[in-house]
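The values are calculated or read from the model by the stated rules, or taken from the named source; none is laboratory data. All values reported here derive from a predicted model rather than from experimental measurement. Because the Cβ atoms are built from the backbone with ideal geometry, glycine has one as well, and the counts that use them run over all protein chains shown. For accessibility, only protein heavy atoms count, side chains too; no ligands or nucleic acids. Shrake-Rupley method; radii C 1.70, N 1.55, O 1.52, S 1.80 Å.
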Amino acid sequence: MSKLRMTLACWNYDRTRPLADGTVKPDGIDLNYLNLPVEETFFRMLRNREFEAAEMSLSSYAVSLTRADPPFIAIPVFPSRFFRHSCIFVSARSGIREPKDLIGKRIGTPEFQMTAPVWIRGILQDEYGVDPAGVEYLTGGEEEPGREEKLKLELPPKIRIGPIPAGKTLAKMIAEGEIDALHSARAPSTLQSRPDAVKRLFEDFVEVERAYFRKTRIFPIMHTVVIRRDVYHANPWVAQSLQKAFVAAQRLTYEGLNQSAAQMAMLPWLMAHVEEARREMGDDWWSYGFEANRAVLDTFLRYHHEQGLSGRRLKPEELFAPEALESFKI
């Protein structure tokens, strides 16, 4: 019997590489794995729906669910997670020294609906009292001019937002003091090329993020995996099949990180990093599945709604194919 041919667009993560090289094969699926940078994957899937399945920005996916005829359905797999305190950058000309100094400032962000800035704005509000409506946002390309929101947004009037001038980039604007700060998943190039002009708000971000996790138990989810709904409706079994395969691939990565005879990654103190992660966050520190991540997802969906990106507060259960919410037990 022939297998279902599916193309999956996803970046080259250690936790998904067994799917890319065929070490793990999803049940009943002939998988064509396209190793693409995340910006390209998101753009092509959101604009043109080119792939049967793809890695997807959690925020973009949540926005899509509030539209008529949502085009995608997700499985509770999270290829990207990231503490984002390290991703708040400030201009040396801004006078910003601590989070409360952001209030009233001009803040750049490549796209308002990006997952990383949603988390950043929510964390700044919850932990430091910086109201997302208390600043002015400027959107545009970080390193290349001309970037626009991938999804049309209808934001409430309290959100003050506009594009940066044509031909400008956020990386240069923050260095020149034309914006006071930047919320972005990527560090601007000027953080390295002009270190006297661009700084991180939290220079000791590792300690800040560790304290944040100890307090909240939140390891922010950035991306999930979506299936085109037409594919899912025709083959509802693919949700569970892909879920199982992603979990199997991740388990191989965990096993590799536990090897001490030789290290799989070029980090001199890899074993110390692994032991610290296990000590701080438990054995399954990068958890997949629904129940283990319900609280993290609920927090994100609260931020998403409070920031005007979803007209109503979505429930975590609404994000995923019901077939992938639980699995059989023996």
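When the range 243-261 is filtered for residues that are over 15 Å from TYR13 (Cβ atoms) and in contact (Cβ under 8 Å) with a residue 12 or more places away in the chain, the ones remaining, listed by number, are GLN243, LYS244, ASN258.
Before we move on, is LYS215 over 20 Å from the mean Cα position of the chain (by Cα), open to solvent by 60 Å² or more (accessible area, probe 1.4 Å) and either under 30 Å from HIS273 (Cβ atoms) or at pLDDT below 95 (or both)?
On the way: over 20 Å from the mean Cα position of the chain (by Cα): yes; open to solvent by 60 Å² or more (accessible area, probe 1.4 Å): yes; either under 30 Å from HIS273 (Cβ atoms) or at pLDDT below 95 (or both): yes.
Spelling it out, LYS215 is indeed over 20 Å from the mean Cα position of the chain (by Cα), open to solvent by 60 Å² or more (accessible area, probe 1.4 Å) and either under 30 Å from HIS273 (Cβ atoms) or at pLDDT below 95 (or both).
Close contacts from the range 56-75, counting a first residue that is under 21 Å from ILE120 (Cα atoms) and open to solvent by less than 20 Å² (accessible area, probe 1.4 Å) and a second that is among the small types (Gly, Ala, Ser) and assigned to a loop (DSSP other than H, G, I, E, B), with Cβ to Cβ under 6 Å and a gap of 6+ residues or different chains, come to ALA62/SER310. Counting only residues that are open to solvent by less than 40 Å² (accessible area, probe 1.4 Å) and part of a loop (DSSP other than H, G, I, E, B), the range 171-184 holds 4 of them. So which residues in the range 286-330 are more than 23 Å from ALA239 (Cα to Cα), in contact with a helix residue (DSSP H, G or I) (Cβ under 6 Å, 6 or more places away or on another chain) and open to solvent by 30 Å² or more (accessible area, probe 1.4 Å)? The one that is more than 23 Å from ALA239 (Cα to Cα), in contact with a helix residue (DSSP H, G or I) (Cβ under 6 Å, 6 or more places away or on another chain) and open to solvent by 30 Å² or more (accessible area, probe 1.4 Å): ARG313. Just to be sure before I move on: is ASP283 surrounded by 13 or more Cβ atoms within 10 Å (Cβ to Cβ), among the acidic types (Asp, Glu) and touching a helix residue (DSSP H, G or I) at 6+ places or on another chain (Cβ under 9 Å) in the structure I sent? Here the answer is no, as ASP283 does not meet what is asked.
Just one of the numbered conditions (1) of a type in the set (A, V, I, L, M); (2) part of a loop (DSSP other than H, G, I, E, B); (3) in contact with a Phe, Trp or Tyr (Cβ under 7 Å, 6 or more places away or on another chain) is not true of LEU191: (2).
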